Amino acid sequence: MQNWNFARHGLHELQGIISFLQQEGLLTTVKTAVNRVHEMAGIAKKLEGANALLFENVIPEIAPIFTGLYWNRDVLARLFQSNPEQLPFLMADVIEQWQQNPITPIIQESGSANEVIYTGDIDLMKILPIPTQGLEEGGPYLTSSVVIAKDPETGIRNTSIHRFMVTGPDRLTMQLDMGRHLRDYYERAEKMGKPLEITINNGVSPAVHIAAVTPSNAAMINEDELGIASTILGEPLSLIQSQTVDVEGIADAQYIIEGKILPEIREWEGPAAEVTDYYAKKDHRWVVQVTAITRRTHPIFHTIIPGREVYNAVGLMAEASIFRNVSLLVPSVQAVFLTYGGCGFYHAVIQIKKNNEGVQKNAILAAFASFPSLKRVTVVDEDVNIYDPVDVEWALATRHDPVKDVIIIPEAIGHELNPMTLGGTVNKIGIDATAPYPRPQKFHRIQLQQIDLDKYEIK
Ligand code: MN
């Protein structure tokens with residue numbers, strides 16, 4: 001068990017994170033004036049996967065924009081004072097600690113996030129520099145904002161991330177995916193004829209972000225996953241009371257949008273650039289009436305661009321959860337990676353230390369059962385680097401028989417955003433790329449002497 005102290009290291013707010021990245025040489029600053037419409041995302045795509053980015057000068061001049069915090073696992077690992085291979089295990093450990101010892105958040109009246117308050121005459125696009133990213137997107141989008149709501153019956157808090165499109169000065173449309181707890185809250189509120197009050201928190205610490213993307217099989221509907229943030233902060237998370245709704249906001253956020261998801265009303269939303277690298281099509285979706293906006297005196301707007309950043313931002317917690325579940329059932333499982341090519345969502349590579357023939361097939365079945373979005377699971381031995389697609393392909397080339405080593409699962413529950421999912425189901429494939437057990441001599445991989453390069457003078 002390990003302890004994290006994000007708060008003590010100033011990592012409880014974006015300002016602290018940005019200065020940490022700056023000190024460590026992990027931040028790239030864009031000085032040139034950049035339009036929030038298309039241009040910002042275009043530049044970010046060119047610089048994807050390396051340092052995080054701060055756009056200091058965004059047109060129109062409202063606030064800087066920060067992006068790229070989640071697109072490089074090396075950077076994320078530095079925040080946790082760890083290494084990228086350890087990150088999924090750290091996340092599994094965070095969930096474990098939270099479940100054993102949940103720390104209740106503190107609620108206060110005011111904090112950084114409500115230094116400036118707008119309750120009348122609200123105009124989203126004058127207060128926040130909300131970017132439009134994909135060329136065909138239907139409007140400006142909030143892509144990384146954390147939504148807090150309360151169960152209309154039990155009052156238990158839920159925290160999750162949803163996309164919001166700006167449709168008017170005080171109006172948004174949003175996506176409420178099937179199976180998400182917020183959708184469940186909303187549908188019960190709607191049946192009572194009531195709106196569902198929410199806060200939309202922009203610019204939060206990874207401690208809060210990680211809590212929000214914890215999969216529902218790791219944080220059940222009767223659990224307040226915001227507690228996970230306290231575990232990472234190393235102290236109780238601070239929340240603040242809202243001006244117009246009975247739901248709290250994150251005290252250290254950059255902006256908080258207060259509002260309610262209206263019952264029975266649907267309006268146009270989309271097209272939206274999604275995690276699949278496709279546009280979610282324009283459709284009638286849920287509507288948020290904004291009732292107040294609060295912000296810091298000097299806020300920094302946070303966004304996530306489609307691609308690697310989303311894969312890590314979601315994939316890491318999914319890996320942690322798959323690892324926890326699968327290793328309980330199949331203890332020989334060593335590690336899990338959700339590949340970038342699989343959108344951090346659909347393709348898992350599982351590393352196993354075989355102790356029986358057939359255990360690799362059980363690992364495939366357990367993985368599919370524990371994370372319904374998975375479409376392909378590949379199992380490799382402990383001598384294969386699951387983070388290196390070339391190494392995984394080597395295992396497929398030399399340890400996989402396409403006739404014998406495949407499990408096809410027709411029409412199982414899938415992820416609705418994937419265009420291959422039809423009527424909620426998708427066909428799935430499990431691929432066994434492990435050597436036979438016990439391992440015959442011909443499957444012994446070449447080993448070379450272990451070397452510490454620092455001991456050599458090499459020019
Ligand atoms: Mn939840």
Fewest-first sequence of Y387, Y118, Y456, Y346 by Cβ atoms within 10 Å of each Cβ: Y456, Y387, Y118, Y346
The chain: antiparallel DSSP beta bridges as a percent of all, rounded to 5: 75
Lys/Arg +1, Asp/Glu -1 at C-beta; the range 100-231 dipole; positive extreme among A113, I127, S216: S216
FRET efficiency for Q241 and A412, using Cβ-Cβ distance with R0 set to 45 Å, rounded to 0.05: 0.55
Whole-Hz couplings from phi, Karplus 6.51/-1.76/1.60, listed for the range 365-374; x for Gly and Pro: 5, 5, 5, 4, 5, 7, 9, x, 5, 4
Charge dipole (the chain, unit charges on Cβ, about Cα centre) - positive-most of V290, S19, N427: N427
Other-chain or far-sequence residues with amide H under 5 Å of A335's (modelled H): Q351
Full-stretch length increase - L329, S19 - with 0.36 nm per residue and alpha-carbon distance subtracted: 107.4 nm
Residue-by-residue Karplus 3J(HN,Hα) for the range 112-124, coefficients 6.51, -1.76, 1.60, Hz, glycine and proline x: 4, 6, 10, 5, 10, 10, 10, 10, x, 6, 7, 9, 3
Projected area averaged over orientations for the range 21-152, convex hull of C-alpha atoms, nm²: 11.9
Total charge dipole magnitude, the range 356-459, about the Cα centre, Cβ charges on Lys, Arg, Asp, Glu only, Debye to nearest 20: 240
From phi via Karplus (6.51, -1.76, 1.60), per-residue ³J(HN,Hα) for the range 256-268 in Hz, x at Gly/Pro: 10, 9, 9, x, 9, 7, 7, x, 6, 9, 10, 9, 5
Part-to-part distance (alpha-carbon centres) for the range 230-253 and the range 255-326, which is given in Å: 19
Cα-Cα over 21 Å, subset of K361/K428; K281/K428; K353/K428; K45/K126: K281/K428; K353/K428; K45/K126
Order of K46, K361 - criterion: other Cβ atoms within 10 Å of each residue's Cβ, fewest first: K46, K361
Residues whose placed amide H lies under 5 Å from that of T291, excluding near-sequence neighbours: E258, G259, K260
Centroid-to-centroid separation of the range 374-407 and the range 101-136 [C-alpha atoms, Å]: 45
Extension gain (nm, one decimal) between R445 and S82, 0.36 nm per residue minus Cα-Cα: 127.8 nm
Unit charges on C-beta of K, R, D, E only; dipole of the range 1-137, Debye: 320
Where only C-alpha atoms are counted, convex hull volume of the chain per residue in Å³: 162
Sorted by Cβ density within 10 Å, fewest first, the residues I408, I59: I408, I59
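Rule-based calculations on the coordinates, nothing more; no lab input. Note that this is a predicted model, so its numbers are computed, not measured. Methodologically, a virtual Cβ is constructed for each residue, glycine included, from the backbone with ideal geometry; neighbour enumeration extends over all protein chains shown.
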